[in-house]
Amino acid sequence: MLLYASDLDQTLIYSERSRGLELDPNTMLPAETVDGRITSHISKLALERLQRIAEQIPFVPVTTRVIELYDRIHLFRDHVVPAYAITSNGAHILKSGQIDKEWHAYIMEDVHKLSAPADEAIAVFHRIAQPEWVVKESYWEDTFFSVLVKREDMPYEQVMALAPELEQLGWGLSIQGRKVYLVPLPVSKNRAIAHVKTLCGATHVIASGDSLLDLGLLQAADEAIAPAHGELYRAYGTGTLKELPFGFTARSGIVAAEDILQFVADIMDREGSYANEYR
């Protein structure tokens with residue numbers, strides 16, 4: 001059985017800043033609303049394709065968002081209701097919206113054994129952090145850090161140069177848009193999706209994502225694709241990442257989601273998982 005696992009932000013849903021194109025508002029639908037303000041969109045065509053896919057095979061949202069921020073995405077209450085979701089970069093699995101407490105305990109045990117304490121990791125970042133470009137620092141669910149930055153002022157190469165030292169401490173570093181993430185290495189999307197794959201009885205995983213935090217997920221999948229924007233695309237373009245076992249979409253921005261979901265539909269059609277009415 002096929003299973004489709006996907007990152008959300010800048011992969012399937014897009015903020016006004018990240019959607020990249022001047023589009024007719026009638027081609028988009030709200031995916032997330034905060035205090036009455038629409039903060040993320042999905043294209044109508046992408047939503048139609050996602051709904052068709054989710055009717056046929058398990059669809060699993062896989063996000064670095066913590067549960068509180070994942071719950072703001074009303075798309076997954078109003079239009080597509082997944083049986084499983086992975087949040088907090090893999091620290092949590094939700095089953096029908098409920099936290100799998102055994103999974104979280106299992107992951108956090110590994111964090112305590114294999115990763116340095118959080119204050120050691122953030123101390124590495126603080127050596128170069130400056131108030132001129134650091135806006136806000138958050139420590140989520142006693143698990144990982146996200147740092148909101150002024151991307152245009154942040155010394156990108158200097159920040160990325162911290163990655164090897166953090167890795168020695170058992171922590172990963174990723175830059176996604178205006179956020180820098182420091183995440184314990186045992187907390188990963190690919191570990192969580194491997195568990196959900198077993199729970200679903202799936203045999204073949206299709207995956208999509210745009211950031212270095214998605215890299216393990218995409219590498220572990222049987223077939224995968226990334227949008228032609230974001231951290232993975234930039235790393236591949238500069239030669240930092242080579243010989244990737246997946247390709248990129250033809251288009252970038254919000255319409256990349258349409259290409260991603262067509263990629264999934266084509267695999268389903270090939271494997272005989274698409275109902276005749278959708279061919």
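The values are calculated or read from the model by the stated rules, or taken from the named source; none is laboratory data. Computed from a prediction, not measured in an experiment: that's the story for all the values here. All Cβ positions, glycine included, derive from the backbone under ideal geometry; neighbour counts span all protein chains shown. The area values use the complete protein model at the heavy-atom level, side chains included, leaving out ligands, DNA and RNA. Shrake-Rupley method; radii C 1.70, N 1.55, O 1.52, S 1.80 Å.
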For segment 51-76, give me the residue count where each residue is over 14 Å from the mean Cα position of the chain (by Cα), closer than 16 Å to residue 196 by Cα and aliphatic (A, V, I, L, M).
2
With the first residue restricted to segment 38-50 and required to be within 20 Å of residue 266 (Cα to Cα), and the second required to be charged (D, E, K, R) and open to solvent by less than 30 Å² (accessible area, probe 1.4 Å), Cβ contacts under 8 Å at 6 or more apart or on different chains are 43/258; 45/258; 46/258; 49/258
Report the residue count in segment 53-74 for those that are assigned to a strand (DSSP E or B) and either modelled with pLDDT under 95 or open to solvent by 30 Å² or more (accessible area, probe 1.4 Å) (or both).
0
Please give the number of the condition residue 77 fails out of (1) over 26 Å from residue 165 (Cα atoms); (2) at pLDDT 95 or above; (3) open to solvent by 30 Å² or more (accessible area, probe 1.4 Å); (4) in a helix (DSSP H, G or I).
(2)
Could you please find all residues in segment 125-177 being crowded, with 17+ Cβ neighbours inside 10 Å, among the polar types (S, T, N, Q) and farther than 20 Å from residue 115 by Cα?
176
Within the set of pairs 6 or more residues apart or between chains, which connect a residue that is more than 25 Å from residue 267 (Cα to Cα) inside segment 234-249 to a residue that is assigned to a helix (DSSP H, G or I) and open to solvent by 70 Å² or more (accessible area, probe 1.4 Å) with Cβ atoms less than 9 Å apart?
240/234
So how many residues does segment 174-198 have that are farther than 15 Å from residue 104 by Cβ, of a type outside the set (Ser, Thr, Tyr) and not in a strand (DSSP E or B)?
7
Any hit, segment 175-183, residues being over 21 Å from residue 148 (Cα atoms) and at pLDDT 95 or above:
no
For residues that are small (Gly, Ala, Ser) and more than 15 Å from the chain's Cα centre (by Cα), scanning just segment 138-197, find the one that is nearest to residue 15 (Cα to Cα).
138
Under 9 Å by Cβ, and 6 or more places apart or on different chains, what pairs join a residue from segment 146-159 that is more than 18 Å from residue 213 (Cα to Cα) with one that is open to solvent by 40 Å² or more (accessible area, probe 1.4 Å) and assigned to a helix (DSSP H, G or I)?
none
Pick from 45, 50, 29: which is modelled with pLDDT under 95 and surrounded by 14 or more Cβ atoms within 10 Å (Cβ to Cβ)?
29
Tell me, which residue of segment 80-122 that is outside any strand (DSSP E or B) and hydroxyl-bearing (Ser, Thr, Tyr) is surrounded by the most Cβ atoms within 10 Å (Cβ to Cβ)?
88
